[in-house]
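Read-outs: derived from the displayed coordinates by stated rules, not from any lab. Owing to the predicted nature of the structure, the values given are computational and were not obtained by experimental measurement. All Cβ positions, glycine included, derive from the backbone under ideal geometry; neighbour counts span all protein chains shown.
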Amino acid sequence: AEWARISSWSGPGQTSDGRPVSILANVQDGAGARSARETAAEGVGLFRTELCFLDRDSEPGVDEQAEIYAEVLEAFSDRKVVIRTLDAGSDKPLRFASSPDEANPALGVRGIRIAAQNPGILGRQLDAIAAAAKQTQSQPWVMAPMIATAAEAESFAAEVRARGLTPGVMIEVPAAALLADRLLRHVDFLSIGTNDLAQYTMAADRMSSELAALTDPWQPAVLDLVARTAAAGLAAGKPVGVCGEAAADPLLACVLVGLGVTSLSCAGAAVSGVGAKVGTVSEEQCRRAAEEVLTTSDPVEARNVAARVLG
Ligand code: PEP
Ligand code: MG
């Protein structure tokens, strides 16, 4: 019965008392976007563009990139689509953009940092996104991965706005969460990547199964940074989403809503489970769960108190 109720969830995302929460899908190409369109996802909260190019030796030209991005925009025409610029490096090396000989790739030239080392690469990608937007008559939001400073957010935002697009940044580095209010002076939205935020907060490799207990997104320290980020968004009147694995856990999704997050983006397969669960709890329950979770000392306790409040 639980499964039937969940699989028949049809959106839109909202709590039982009607607080809207956009439930979005993470995609990596046009085919993924078209299958996500079959779910009740209201849009795309994270398009991981680097995954389109893992097999390339050289940077795809602007026209070819535009074609690929347009496929995703087409699948969700008239819907929200958040495109992430290349998050090359570390666990997703791109032969044409990553530095091959780094001792600590997760702490190396990855995400937005590739832009400084590869002159023009960001500008060309933004040109391609702008062309795809024009061609499909859509208005995608564009965000940068691995932002650590306000200066990075400022220069990224300028490049995005120069092309008539809407800029945001990902919150994946603890420094960015702590300075969320200052990043928000430059950008129109934030999106929290809990996979990397957990990795960098806990100083534990997200790829290591031995360290999975440390990179658990229920870690109270990680949720504290989510809370600060969401609070900064509320204060600035700007949306703050979560697009990491945390958003795919229905119980944790409710906690994120209680912390003030305004959208949740997860794998297409998780969309209806998350949407259905959020629909069973009130905003007040989410707030109470969030408050209690922030008083806990470990992820098991955090999950238990949330389960008590949220059923
Ligand atoms: C994240 O870090 O949580 C995220 C969404 O980005 P990725 O998993 O692609 O690093
Ligand atoms: Mg990430």
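Count, please, the residues in region 187-219 that happen to be surrounded by 20 or more Cβ atoms within 10 Å (Cβ to Cβ), over 16 Å from the mean Cα position of the chain (by Cα) and more than 15 Å from ligand 1 (Cβ to nearest atom).
Going through region 187-219 one residue at a time, the tally reaches 0.
Could you check, for region 91-103, whether at least one of its residues is among the aromatic types (F, W, Y) and in contact with a Lys or Arg (Cβ under 8 Å, 6 or more places away or on another chain)?
Within region 91-103, one or more residues are among the aromatic types (F, W, Y) and in contact with a Lys or Arg (Cβ under 8 Å, 6 or more places away or on another chain).
Would a scan of region 159-169 turn up a residue that is farther than 21 Å from L252 by Cβ, crowded, with 22+ Cβ neighbours inside 10 Å and more than 16 Å from ligand 2 (Cβ to nearest atom)?
Within region 159-169, one or more residues are farther than 21 Å from L252 by Cβ, crowded, with 22+ Cβ neighbours inside 10 Å and more than 16 Å from ligand 2 (Cβ to nearest atom).
Would you confirm whether or not region 156-166 contains a residue that is within 17 Å of G45 (Cα to Cα) and more than 13 Å from ligand 1 (Cβ to nearest atom)?
Yes, some residue in region 156-166 is within 17 Å of G45 (Cα to Cα) and more than 13 Å from ligand 1 (Cβ to nearest atom).
Which condition from (1) out of contact with any strand residue (DSSP E or B) (no Cβ under 9 Å at 6 or more places or on another chain); (2) of a type in the set (A, V, I, L, M, F, W, C); (3) under 28 Å from Q65 (Cα atoms); (4) within 14 Å of ligand 2 (Cβ to nearest atom) is the one that I192 breaks?
All conditions pass for I192, except number (1).
Are any residues in region 60-86 crowded, with 20+ Cβ neighbours inside 10 Å and hydroxyl-bearing (S, T, Y), and if so, which ones?
Listed by number, the residues that qualify are Y69, T85.
Take the residues of region 234-246 that are part of a helix (DSSP H, G or I) and more than 9 Å from ligand 1 (Cβ to nearest atom): which is nearest to C266 (Cα to Cα)?
L234
Looking at region 205-236 only, could you name the residues that are more than 21 Å from A175 (Cα to Cα) and either without any contact (Cβ under 8 Å) to a residue 40 or more places away in the chain or touching a Cys at 6+ places or on another chain (Cβ under 8 Å) (or both)?
Result: S208, S209, E210, L211, A212.
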